[in-house]
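Following: one structure in structure tokens, then a few remarks.
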Amino acid sequence: MTMANLPDAPWRHRPGLEALCRLLGAEESAVRLVGGAVRDGLLGLDVNDIDLATRWAPQEVMDKLSAARIKVVPTGIAHGTVTAVLDHRPVEITTLRCDVSTDGRRATIAYTDDWREDAARRDFTINALYANPLSGEIHDYFGGLDDLAGKRVRFIGDPEQRIAEDHLRILRYFRFLARFGAFPPDTAAYEACKSNANSLMALSRERIADELVKLLALPDPSPVLHLMAEGGIFAPVLPEIDTAGVQRLDALLQRERAARLVRPPSPILRLAALLPPDQTTGEQVAARLKLSNKARKRIAAALAPPPLHDHPRELAYRLGTETALDQMLLGAAPMAEDMAALESWELPEFPIGGRDIIALGLPAGPNIAHLLKVVREQWIAEGFTGPERAHAIAEIQVAKLLRERQNS
Ligand code: ATP
Ligand code: MG
């Protein structure tokens, strides 16, 4: 077995964390760090979410924390989780447990005081590492340290059985593979995911969407998405996503890198790239996945046919900067030469109003709105000129209209 210690890092000294761990008996191994914090901490990555596992029953944890005046919320007490709030940030504390029975979606649990049993109910070996929060000593029951070093995402136990217990693990598998895995991946795991892809239909669309969005937010989800599309993982629940979709995503990823934007890549836009380039399909999928209104609108706007012949700034002015950048990144509109400059460009305000037109001698009435539109189009076509030129355009257009009237 590989020996290792959790490297020291600022997150381990987050205000209140050491005191909390002492309170719960870290010295006697009654509480340990677990999951993502240990895995990411071992890799020297930044740790945001801290999970603790403890031998204490949830109510005992609540009582101990309350007595020490640490804020604690019973966030998931039915399955053993309470959340301590340290310095306005959550720390999840879960009582050691094992799954008694499962139906693919949820588990009936029992508490245990056996660390190995708690490890065995977790999904992947690299997610079942524990660390003493004070000394950093690692406890590894299923070879997670070796797998982490070897970039192997491996189910604990038989992949088929672990997927039957909880179908979401199929998607979690691909997400962790994209983050920590080497290619080609473990055949047994991939085969089990493929042959059980149909079981994803039993999951709620929200949970599927949540996992997919997390996968799409990773720096390079492409190799894993190819694997998923080729393996037919999407066919039962998202038949719209095929290999051609992943190729469109590849093109988007390439443009994202070239664009060098300040905004982080959007998983929602990446999802739009995976779908057939058609607004109606985009809206249907967004509705099926129960995405937020904001996400649904973003997909619809990104997949809408772009106005013809617009220069990048025109597109940004007409559609809003986000949609314009989205359409360029999707390849629907030509990319601006300097995407970062377009991103930081402050949309100009049209400097002419109805009053200006009336002041130029055009009588109030429906003509005003029409004339404003004509002036605005010319102002846009001339490249959003300053107020002086905009006024000159208005003057010319009003004079022209008045002349036309006289002649008719
Ligand atoms: P992330 O950085 O994505 O949050 P994480 O490892 O912390 O990674 P979580 O989803 O926050 O992942 O879950 C915390 C831990 O709980 C996991 O490391 C794993 O041990 C366990 N776990 C979570 N979901 C499952 C599941 N569906 N089946 C088995 N174990 C799970
Ligand atoms: Mg986590």
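The values are calculated or read from the model by the stated rules, or taken from the named source; none is laboratory data. The structure displayed is predicted, hence computed values, not measured ones. Quick reminder, even Gly has a Cβ in these numbers, built from the backbone with ideal geometry, and neighbours come from all protein chains shown. Surface areas here come from the heavy atoms of the whole protein model, side chains and all, with no ligands, DNA or RNA. Shrake-Rupley method; radii C 1.70, N 1.55, O 1.52, S 1.80 Å.
On the basis of being out of contact with any Gly (no Cβ under 7 Å at 6 or more places or on another chain), of a type in the set (Val, Ile, Thr) and within 16 Å of ligand 2 (Cβ to nearest atom), does Thr54 make the cut? So Thr54 fails the test. Here the condition is being outside the structural domain of His79 (by TED's automatic domain parsing) and over 26 Å from Ala209 (Cβ atoms); of Gly157, Gly136, Gly144, Gly181, it holds for Gly157 alone. Can you report the number of residues in the stretch 40-59 which are closer than 20 Å to Glu117 by Cβ and in a strand (DSSP E or B)? Summing the residues that are closer than 20 Å to Glu117 by Cβ and in a strand (DSSP E or B) in the stretch 40-59 gives 4. For the stretch 205-222, the criterion of being over 30 Å from Arg263 (Cβ atoms) and not β-branched (Val, Ile, Thr) is met by no residue. Of all residues in the stretch 176-189, those satisfying the criterion of being surrounded by fewer than 20 Cβ atoms within 10 Å (Cβ to Cβ) and more than 16 Å from ligand 2 (Cβ to nearest atom) are Ala182, Phe183, Pro184, Asp186, Thr187, Ala188. The condition of being within 16 Å of ligand 2 (Cβ to nearest atom) and open to solvent by less than 70 Å² (accessible area, probe 1.4 Å) holds for only one of Glu211, Glu314, that being Glu211. Report yes if Arg169 is in contact with a Pro (Cβ under 9 Å, 6 or more places away or on another chain) and either free of Cβ contacts under 8 Å to residues at least 40 places away in the same chain or within 10 Å of ligand 1 (Cβ to nearest atom) (or both), otherwise no. When the stated conditions are applied, Arg169 passes them. Here is a list: Leu360, Leu329. Which entry is surrounded by 13 or more Cβ atoms within 10 Å (Cβ to Cβ), at pLDDT below 95 and in contact with an Asp or Glu (Cβ under 8 Å, 6 or more places away or on another chain)? One residue alone meets the criteria, Leu360. The set of residues in the stretch 285-302 that are free of Cβ contacts under 8 Å to residues at least 40 places away in the same chain and either open to solvent by less than 20 Å² (accessible area, probe 1.4 Å) or out of contact with any helix residue (DSSP H, G or I) (no Cβ under 6 Å at 6 or more places or on another chain) (or both) comprises Ala286, Ala287, Ser292, Asn293, Lys294, Ala295, Lys297, Ile299, Ala300, Ala302.
Give the residues of the stretch 38-49 that are in contact (Cβ under 8 Å) with a residue 12 or more places away in the chain, surrounded by 15 or more Cβ atoms within 10 Å (Cβ to Cβ) and near ligand 1 (Cβ under 9 Å from one of its atoms), sorted by residue number. Scanning the stretch 38-49 gives Val38, Arg39, Val47. A Cβ distance below 7 Å, combined with a sequence gap of six or more or placement on separate chains, defines the contacts here; from the stretch 15-37, residues that are in contact (Cβ under 8 Å) with a residue 12 or more places away in the chain and away from ligand 1 (no atom under 16 Å from the Cβ) reach residues that are among the basic types (Lys, Arg) and open to solvent by 10 Å² or more (accessible area, probe 1.4 Å) in the pairs Leu23/Lys64; Leu24/Lys64; Ala30/Arg55. Can you confirm whether Asp250 is assigned to a loop (DSSP other than H, G, I, E, B) and acidic (Asp, Glu)? So Asp250 does not fit the description; no.
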